[in-house]
Every structure is written in C-alpha cells, then in structure tokens.
Amino acid sequence: MSFGSSHDAKEQVRQAIDIADLIGEYVQLRRQGSGYVALCPWHDDSRPSLQVNPTRQSWKCWVCDVGGDIFSWTMKQEGVEFPEALRMLADRAGISIARPGGHQTAAGEAVEDERRALFQTMAWAEEQYHDFLVRADEAEVARRYLRERGITDDSLHRFHLGFAPDRRDWITNRARQADVSVERLEKVGVLGRSQERGDLYERFRGRVLFSIRDAQGRPVGMGGRLLPELNLSSPAKYVNSPETPLFSKSHLLYGMDVSRQGIQRTKMVLVTEGYTDCIAAHQAGFDNTVAVLGTALGERHTKLLRRVSDRVVLILDGDDAGQRRSNEVLELFLAEQLDLRIATLPEGLDPSDFLQQRGADAFREFVEQAPDALDFKFQTAFSSVGAAGSIHQTSEAVDEILRSLARVGTSAVASSTAAALKEDQILYRLGRRAGVSEDRLRARLADLRKSTRRSAPQVAPIASEAVPPTLNFWESELFEVLLQRPAAFAELREVVDVDEHLPSPAAKLLFSLTSGLADDGETFDFDRLMLELESPVLKSLLVDLDERGRAKDAQTLDERVRDVVAGFRQRTAQSKNRAQTVALGEHGVAEDEELKILQEIFEQERKRHGISVPTDG
C-alpha cells in the first residue's frame, strides 16, 4: 500500500498504529480509566506521570512537560528527525510513502522496495557471519581473541558479533546457495570491487566483525578487526563499511540500539573510540555507552546525542592521538546546547584496558570527575605555559582558544542565548587567565571570524524550538477554546490581530496554520493540527492546550468563547486608546480632531466600566 501526499501518508500511518501499542513496547503501561499511565523514561519517576490517551492518540508527561503523538514519541525515543520517524512508523505499518515533493510513482515504489531488500540483505549477511563465529571450528581463533579482550559470550550474542573466515568467495558462495543477490551484497558494502581488475572481493575476509545497527536495531554496516594470528597482508587493522544507501558513519554511533534504556535512565551517554571499548563498558555496568565509527565526534553526532541525553562524556584514549582529538571539541561545546565533558585516560590506556586493570569503580570515578569542554580546553591550551610562561607562549594559547571560537561562526552564537553566554564566559575567563582585556579579545575574535568566514564551514544555528514555547494568558485561552470549539474560528478570527495580539512565535504559527486550513475550506481539529505539525515541542504544546481545555467545564465553553472574543476586542480598543493618547501628548492632531479622540476614549471607558451619563430632564 502506498500514499502520495504528505498529509495522506501521515494520516494513514497515524490510523494504522495504535499509540498504546507503540508506547507499550518501550514502557509498561497500566490501565487507568479510559487511558493508560506509565513510569516516564525521561526522569526518575516513582509515581507514574506519563499518561497515554488512546482516544486522542496522544501522550503527555506532566513532570517533564513533554508530550505529543506517535511521531514525536518516536523522534524522542529514537533520536531521529520527523522524516525518519515517519518512515520508521510507515515501515512498521507496512505503508509505502513517497519521497518529499510529490506522489509515489512506480519508480518511487521500486526505490522503497529496493531499500527494504538492502536491509534484508544486510541482516542476512550479519546472521551468516554471527552463526559462523558461534558454531564453526574454524572460528575458534576469533573466539579466543574475543576472550582475550574480555568479551563474554553474552556480549557476543547481544552485540551480534561475527567472523569472516579467511576463505575466498565464502559469503558469495553462500549467497548464491541461498538465492541472495550478490549485487546487493556489493551495494551494502559486504563485497568490494577491485579498481585494478574490476572483480568482486570479500571486504571483511579474516576479520572479527562488529555489527553496526541503526536506531531501529537494523544492521546497516560492519566494522572488521583483522586477526593478527592469520598473518594477512592487509595494511588496515580496522575496516568499516563504506558509505552506502544504509550506512553513513557521520550519522551513526555504535551500540546506540542497545544503549537506549541506559541513556534514558542516567540522562547521560559515554562516548568511546572503539567497539571493544564500548562492549567492555557495557559488561562493567555502563550500559549508556556508545562508540564513534572510526571518525571524530562530529556535529551530527552531537545533535543526535543532544536529543537523547543531558550530558555527554567523551572518553579519549590516553595516547597522543586522543590528546589531539580533544582539542577539536570546543566548537561542539559552544555551538550545541550540550553539557559536553572530556575524559582523557591516563598512561596510554584505552577504556577496555582501564576497566580490566583498575575496575568499574575507578572508571566510574574517572567519568564523574571529567571536566567540561571549556575547562579541558583551558587545561590543554595553557599546559605548556606554566606560572612563568613567556608572552609568546601565552599569546599562542590565547590564539588557539580564539581560533576555536572563530570556527563556530557568528550565526550560531547570535541565534542562541546559551551559546552567547558560553562565549562570554570563555572570553571572561580567558581574559583573567592571560591578563588581556575582554575588548582586545573580542576585537581579535572578530578579526579571526572575518578571515575564516569564507573558508570555514559554519556550524548550523541551534533551532529555536530547542526551548519549549510558552504562551501568555490570552494566547492560551484562544487555542484552548479553538481546540474544543473549532466552529468558533470565524468569529475569533474577526477580533484577533496576529501581529498585535499574539507575541509568541508559536502562537503566530499555530494561528497561521489554522487560518490556512480554513482558507482552503478544510475543517480543522486537534488530530488535523497534530498531523500538520512536525516539531516535537509544538506537538507537545498542542497536547498541553488540548488537555487543559478539555479539563475545564464543558458547560462554560460558550461563555469562554464570548469572553475570549470580548477580551481581544478590549485589547484592540486599549491599543487604539494608547496610540491616540500618545498622539495627543505629542500634539500630532488638529484641535477639532483632538476633541473627537477624547470623546471616543471617554465613551469607550464609560462603556467598559458601566458608567451611565445622566440626561437633562
């Protein structure tokens, strides 16, 4: 089944998936009245504060002040944006949806079918390698290596580890026997193609394999570690899947699928640099640990982590490379609303070695004492200066930090109060540490930004919706009434001036959206507005307004509509009075016009206060 328009697709997915069934896969629901309650996964909840309304197909946690529908639940749980949440839920419902910008054509459906086939091919390959590692006598060399690295049999299964035997055409022959497409094995990166001869080869031959899965737990790629005992001539110890339609290392983190509950419980995620480090941390009880995929922690990673956790601790190996990578994170710290901390392990150890030699308690203490990115940057930049450091050394340390700030760009700082405050904090502390005035530092920073603006990529500004919107009293009253009585929109529209009466951007957007639906001759209600919105915070706001509106006495709804209409009319009159009073004060009107204005103001105030004027009798 396929659907073309965006609205039709979202509506069909919404109708196909019961919100209680979806949320029940993540938390244990308990029936309460006509709905359900559960312990919220995003805060330390001892009394169920998560409410699920199957009639409205909505959810709300009143402690966290978040809520929404099936789409915003999936976005928050899986750490994805709306398009991916829609696609995930569509796959769950067996619905094929069009790419943005048009109806689903036969070619579009073929693309979706091919994508599903690639997922199936990748899952098949993972199963073959995993089964070989577990069962084959030939894989004992790989099992012994994993035991030496401290990896347990339970982790071997939980992380879907595998082994590719040192045999030519092993996976290719199995694919032909199982009627699995060799061409698709090449598309997902299991097979490579020689640039010299153009023939296919097995990319992971002779390697222990670490399955890389997406947020849905689907295999999308692999990381392969060459076994030293096999004496193969490959120059690379580690090989990852190449970029494929399923796999992009800048979008993925190893172990995220098995770390989700640990991250939700602790509101913190530990980021390591190696697959075995991640597994070792899980075995030691740190089930909120993930790993980067052979690349540095980047902007897309931090955006993903910011959606699922409050704090990120980057655990770097204690070698020179780890020290160099630690100097790259200040831009991420400043540009993202993220509590980012840096822990550099001592004495050249990696997390796996550290846990084996010193134990979980020492590791936990090390993580808890990790300095934030700003403190860490100051420590490393001024480490060579010392108490009696030269002017040249101090100048170099100052410039190193300022260049990091400059690479963030002015747009990211200007668009976020939090980022601007962080920058102010850095400049203040830097000035005190180096004995340089803030004015001089700001001037130098401005020069550096000018010189790097053309060459350096700008970090995307933080979305304004990172902070939940708040509405004033009249904005809340307006939308609470509208959600319960959509038929009153025409009357309310007559008295609401969007620019004057709705100062909140969220209120402006909701009212404009409602107006657009009305102009198109479409009826609108809570369900339709939820489908039109993609922002999780706006969905949460709409659920909040709907819940509060329905909690109030339905018998007073007509009276509330009249009060809201009267309230906005009164605000218009008051605004007009203020403008006229200003004009009078500035003598900006003629004498006869001045008398007329005063009479109008008096008449409006008299009616508002119910004052009667006596007549001659």
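The values are calculated or read from the model by the stated rules, or taken from the named source; none is laboratory data. Keep in mind the model is a prediction, meaning the values are calculated, not measured. As a convention, Cβ positions derive from the backbone with ideal geometry for all residues, glycine included, and neighbour counts pool all protein chains shown. Side chains are part of the model used for accessible areas, which takes the heavy atoms of the whole protein and leaves out ligands, DNA and RNA. Shrake-Rupley method; radii C 1.70, N 1.55, O 1.52, S 1.80 Å.
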Efficiency by 1/(1 + (r/R0)^6): what FRET value for residue 218 and residue 364, r their Cβ-Cβ distance, R0 = 35 Å, to the nearest 0.05? 0.65
Carbon + sulfur, % of accessible area of segment 30-188 - ligands and nucleic acids excluded, 1.4 Å: 46 percent
Rounded to the nearest 10 Å², what accessible area does residue 475 show when all protein chains are kept and the probe is 1.4 Å? 0 Å²
Quick check: from the Cα gyration tensor, does segment 263-316 come out rounded (a/c under 1.5), prolate or oblate? oblate
Tally Lys and Arg at +1 and Asp and Glu at -1 over the other residues with C-beta under 10 Å from the C-beta of residue 169: what net charge comes out? +4
For residue 181, what charge total do you get from the other residues with a beta carbon under 14 Å from its beta carbon, if Lys and Arg give +1 and Asp and Glu give -1? +1
Whichever aspartates and glutamates have a C-alpha closer than 13 Å to that of residue 237, once near sequence neighbours (fewer than 8 apart) are set aside: 229
Can you tell me the FRET efficiency between residue 237 and residue 559 if r is taken as the Cβ-Cβ distance and R0 is 51 Å, rounded to the nearest 0.05? 0.10
Applied in sequence order to segment 534-542, the curve 6.51 cos²θ - 1.76 cosθ + 1.60 (Karplus, θ = phi - 60°) yields integer Hz couplings, x standing for Gly and Pro, of 10, 6, x, 6, 6, 4, 4, 4, 5
Let me cross-check residue 391: its accessible surface, 1.4 Å probe, with only protein heavy atoms counted, in Å² to the nearest 10? 150 Å²
If N is the residue count of segment 202-270, its Cα Rg over 2.2 N^0.38 Å rounds to 1.31
Too-long pairs where the Cα-Cα distance tops 29 Å, listed order kept, from 249/450; 303/422; 303/450; 10/60; 60/267; 267/422: 249/450
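Leaving ligands, DNA and RNA out of it, report the carbon-plus-sulfur percent of the accessible area of segment 211-326 at a 1.4 Å probe.
Carbon and sulfur atoms account for 48 percent of the accessible area of segment 211-326.
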Using a ≥ b ≥ c from the Cα gyration tensor of segment 171-229 (square roots of the eigenvalues), is it rounded, prolate or oblate, where a/c under 1.5 gives rounded and otherwise the larger of a/b and b/c decides, a/b for prolate? oblate
If segment 35-170 were replaced by its equivalent ellipsoid, with semi-axes equal to the square roots of 5 times the Cα gyration tensor eigenvalues, what would those be, largest first, whole Å? 39, 27, 10
Once all protein chains are kept in place, residue 170 shows an accessible area at probe 1.4 Å, nearest 10 Å², of 20 Å²
Rough spin-label spacing in nm, given labels placed 7 Å along Cα→Cβ, for residue 497 and residue 310: 4.3 nm
Env charge @ residue 562, Cβ radius under 14 Å, K,R +1 / D,E -1, value -3
Using a 1.4 Å probe, what is the accessible area per residue for segment 208-268, in Å²? 42 Å²
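Take the alpha carbon gyration tensor of segment 493-550, find the square roots of its eigenvalues, order them as a ≥ b ≥ c, and report rounded if a/c is under 1.5; if not, report prolate when a/b exceeds b/c, else oblate.
Details: a/c = 1.58, a/b = 1.16, b/c = 1.36.
Here segment 493-550 falls in the oblate category.
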